[in-house]
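Notes follow once the structure below has been shown.
Laboratory data are not the source of any read-out in this text; all were calculated from the coordinates shown. Please read these numbers as outputs of a predicted model, since none were measured by experiment. Because the Cβ atoms are built from the backbone with ideal geometry, glycine has one as well, and the counts that use them run over all protein chains shown.
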Amino acid sequence: MELSEHAAGVVFWAVVGVIVVARFILKYLRHRETQKTLRLAIEKGDQAAIAQVVQSAQASEKKTLRSEGLMLGGAVEMAAGLGLCLLGLLVNIEDNEIIFPLIAIGGMVFLIGAVVFGFGLWLLGRQKD
């Protein structure tokens, strides 16, 4: 099976799109569960439960927002770097010519993404302590 240069670009952007859409879906589901719990507490009229749910939601959002954002950004950047490397390999596949500068740039982008992802993991580990 032969991949054209357009297929490589489509695959790259499809991966980036899936990662972005997954992040929005996860955030929506987390927010929906918090809202459901808050509505139940309001219906029961339990002020202590309302305060606890709001405080818990704010604390967890603060804790995980930065580390999760860094991890997501690092993952997207690593995917972009891999996509650039693949693009450098596949652009001129018929002529057996590899575009080395594109591969070098893709590798650099991938390594920067790996560092950002690692820093997000490190922050997440520190926050749990």
Zone of Val15 (label point 7 Å along Cα→Cβ, backbone N under 11 Å): which residues in the range 110-127?
110
With the crude spin-label approximation of a point 7 Å out along Cα→Cβ, what separation in nm comes out for Ala104 versus Ala51?
6.2
Gain on full stretching of the segment that runs from Asn92 to Thr37 - 0.36 nm per residue minus C-alpha separation:
14.3 nm
Added length on full extension, which subtracts the Cα-Cα distance from 0.36 nm per residue, Ala7 to Lys44:
7.8 nm
